[in-house]
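To keep things clear, I will list the structure first and then write my remarks on it.
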Amino acid sequence: MTQEKLRILRDKANKLPLLPGVYLMKDNREEVIYVGKAKALKNRVSSYFHGSHLPKVAAMVDKVADFDVIVASTEFEALVLENSLIKRHQPHYNILLRDDKGYPFVRMDRSEWPRFSLTNRIADDGARYFGPFCGRSQTFEILDTLAKMLKLPTCGRKFPRDRGKDRPCLNHHMGVCCGWCQTDTTKEDYQHRIEQAVMILEGRSKELLRDLEHRMQEAAEELRFEQAAELRDRLRALSALDQKQRVIAAVYADTDVLGFVRGAKSCFSVLHYTDGDLAGKDYNLLDEPLEDDAEAVSDFLRQYYADRGAWPKVILLPLEPEDREMLERFISEQAGHKVRLEIPRRGERRRLIEAAERNAGEEILRVTTSAQRRQKTLEWLQKALALNELPQRMEAFDVSNTGDFGVVASMTVFVGGRPLKRDYRKFRVKENHGQDDYGAMREVLLRRFRRYLDGDAAFGTLPQLLLIDGGSAHARVARQVLQELELTIPVFGMVKDDRHRTRALAAPDDREIGLDSNPAAFALIGTIQEETHRFAIEYHRSLRKELIGSALDDIPGVGEKRRKALLQHFGSVKAMREVTEEELAAVVPKNVARAVWIHFHGEKTKEENSCES
């Protein structure tokens, strides 16, 4: 989009009223590419033509050649109108539930001898419909199980036309059909079994189980043992079906639980619960919505339940949509009964939300690559930290300081969300900063970026994001160094919680950006901080070992045991340098104490040594 075109669109948006309504974004072919609703049209539409946006939003805005608006009298009217326009135009950038799997229904015709069949749509043909169900294969299995359990026909014969015209088929001989094509069976018995199948399809299995058990006991008491045995077998089959095919009650779920996760793709997962038991699962994978999470949930709900044609009594949501009351009213009107939207904050119902989110996350993992997931994590960081570019290269710094064996620092590098170990660097702090980590960090950062300015190939690439182990104060030190060197790199501190996990990124101005809302970003930043800390500690340990070895290993009479005794008593090599020969002799034999003292001070008299400054 040219700057002139952007100016024209911005001016047009600024003239819109501060009223609720719907806007339609159009491309240069006059095709609607996005439909949205707004409380105040001017504010919402003009926001698209100011500032920076996520890649998908920017791509949509770049294709906008014009837009139309429809002013509504109320926000609820705008919501209903938006839903209608999305269905009509099927805009490319809206959430569109286009799963080709559909939502199958079971159809029962209205003949004297009713038969069941599968269909994708409800027709106004006088037939009776059950559903929709969660999947075609599952629904086929349900019908097959019902037919076998109730010994209903699955052949192509028509009744009463074909009754008594031919011998029964193989199903009858196998005992899975009563042979309804024969004249010794009755229409009344057939219709009674159909009624039992209807009870199961309507989710009234428990009621049917009680009825069959009562009839079985009644037959046994009247000594009709053959009929009692048949009812017993049917009761067992129905009990097994009720355990294995809980999905048949999914359409009659009293509670639906929605989970929503953004990743390399986005996924909505809906778990259907009946009487507290999980009855079925549905999910929809789609590209990242333009809308924020709350608005995306609202848009999904309206489309999902309208297409599904079935509504629960309660829907549990992971977060509260801005238009919750209007959305609840809209869904309730569509359902024909009150549907409550609830946002649980804690307890068992919140754990149901977490289960739905885990299911959504697993579906994303199933269809995406690790590279795609890392890319989305970086895009989230770019947005959350308000970076001008994707943090493709991130450098992290940590200082390890125990005082006696020198101060060291580590620099780790992550490119594309993965560690690039060949670019890791170790620093031994040269100046004496004591226990001042800020001073040590300042020295290390000055050395690193001066090497870049001097053209050192080992430090020749600048990061898009600088991460410092610590809080806002550490980030301010880094920013001061960058300002002195006239470099512009975003910098944040990595803040840990009381369980030593990275909980947030701290800006130099004391702002904190939480990571809990994005598990992938939480994991990535935590990994970076732990890796940087590990690298610093390993370097410090190697340096400590080297210094201890060079300081004590060559002294006559000092072996492993005496070296450990000296270090344990005095705490450090530095402390050993500052004590008298007599103090050393309190730990090791006098001749060894003399050797240690000479190693540090040379062949000087005690008086000569005490005169040196």
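The values are calculated or read from the model by the stated rules, or taken from the named source; none is laboratory data. What you see is a predicted model, and the numbers here were worked out from it, not measured in a lab. A quick note on method: Cβ atoms are made from the backbone with ideal geometry, for glycine too, and the neighbour counts reach across all protein chains shown. Only protein heavy atoms, including side chains, enter the accessible area calculation; ligands, DNA and RNA are left aside. Shrake-Rupley method; radii C 1.70, N 1.55, O 1.52, S 1.80 Å.
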*asked:* Just to verify a number: FRET efficiency for E226 and D162, C-beta to C-beta distance, R0 = 25 Å, to 0.05?
replied: 0.35
_Using the Cα centre of the range 47-123 as the reference point, and only Cβ charges (+1 on K/R, -1 on D/E), how large is the resulting charge dipole? Debye, rounded to the nearest 20._
460 debye
*asked:* Can you give me the distance in nm between label points at R115 and R541, each placed 7 Å from the Cα along the Cα-to-Cβ direction?
replied: 7.5 nm
*Report the far tail of the P(r) of the chain, meaning the percent of Cα-Cα pairs longer than 49 Å.*
41 percent
*Compare D287, D66 by solvent-accessible area with a 1.4 Å probe and give them largest first, with all protein chains kept in place.*
D287, D66
*When only C-alpha pairs under 8 Å and at least 6 residues apart count, what is the relative contact order of the chain, in percent?*
7 percent
*For the chain, build the charge dipole from Cβ charges (+1 Lys, Arg; -1 Asp, Glu) around the Cα centre, then report which of I194, P312, Q392 sits farthest towards its positive end.*
I194
*Accessible area (Å², 1.4 Å probe, nearest 10) - F570*: 40 Å²
*Listed pairs K426/K496; K37/K383; K148/K206 exceeding 21 Å between Cα atoms*: K426/K496; K37/K383
*With DNA, RNA and ligands ignored, accessible area of K158 (1.4 Å probe; Å², nearest 10)*: 120 Å²
_Solvent exposure, largest accessible area first (probe 1.4 Å, DNA, RNA and ligands not counted), of E322, E112, E218_ = E322, E112, E218
*With everything on Cα atoms, drop me the angle between helix 590-601 and the longest principal axis of the chain, reported from 0 to 90° to the nearest 10.*
90 degrees
*asked:* Could you give each residue of the range 172-177 its phi-based ³J(HN,Hα) in whole Hz, using Karplus coefficients 6.51, -1.76, 1.60 with θ = phi - 60°, and x for Gly or Pro?
replied: 5, 5, 7, x, 10, 8
*asked:* Nothing charged except the Cβ atoms of Lys and Arg (+1) and of Asp and Glu (-1): what's the magnitude of the dipole of the chain about its Cα centre? Round to the nearest 20 debye.
replied: 1080 debye
*Taking amide H positions as placed 1.01 Å from N in the peptide plane, with prolines and chain starts having none, which residues 5 or more places from M494, or on another chain, fall under 5 Å of its amide H?*
I468, D469, G470, A506
*So what's the back-of-envelope 222 nm ellipticity for the chain, counting only DSSP H runs of four-plus at -39500 (n - 2.57) apiece and dividing by all residues, rounded to 500?*
-14500 deg cm²/dmol
*asked:* Can you give the Rg/Rh ratio of the range 36-107, where Rg is from the C-alpha atoms and Rh is the Kirkwood radius?
replied: 1.06
*What accessible area per residue, rounded to a whole number of Å², is obtained for the chain using a probe radius of 1.4 Å?*
51 Å²
*Relative contact order [Cα under 8 Å, 6+ residues apart], the range 437-571, whole percent*: 15 percent
*Can you list, bin by bin at 5 Å, the percent of alpha carbon pairs in the range 263-412, starting at 0?*
2, 7, 13, 16, 17, 12, 9, 7, 5, 4, 3, 2, 2, 1, 0, 0
_Ignoring ligands, DNA and RNA, please state the percent of accessible area on the chain from carbon and sulfur, probe 1.4 Å._
47 percent
*Considering only DSSP beta bridges whose two residues both sit in the chain, what percent are antiparallel, to the nearest 5?*
80 percent
*Using bins 10 angstrom wide from zero, how does P(r) for the range 379-474 break down, in % of all Cα pairs?*
15, 44, 33, 8, 0
*asked:* Could you compute how much accessible surface C169 exposes when probed at 1.4 Å, giving the result in Å² to the nearest 10?
replied: 40 Å²
*Shape call, the range 337-393: gyration tensor on alpha carbons, a/c limit 1.5*: prolate
*asked:* Rounded to the nearest 20 debye, what is the charge dipole size of the range 308-374 about its Cα centre when +1 sits on each Lys and Arg Cβ and -1 on each Asp and Glu Cβ?
replied: 280 debye
*asked:* Defining a contact as two alpha carbons under 8 Å apart and six or more residues distant in sequence, what relative contact order in percent does the range 367-420 show?
replied: 31 percent
*Please arrange K15, K148 by accessible surface area, largest first, computed with a 1.4 Å probe and ligands excluded.*
K15, K148
*Highest first, please rank the peptides 34-45, 487-498 by the mean number of other Cβ atoms sitting within 10 Å of their residues.*
34-45, 487-498
*Residue separation times 0.36 nm, minus the C-alpha to C-alpha distance between K383 and T2: what's the value?*
134.8 nm
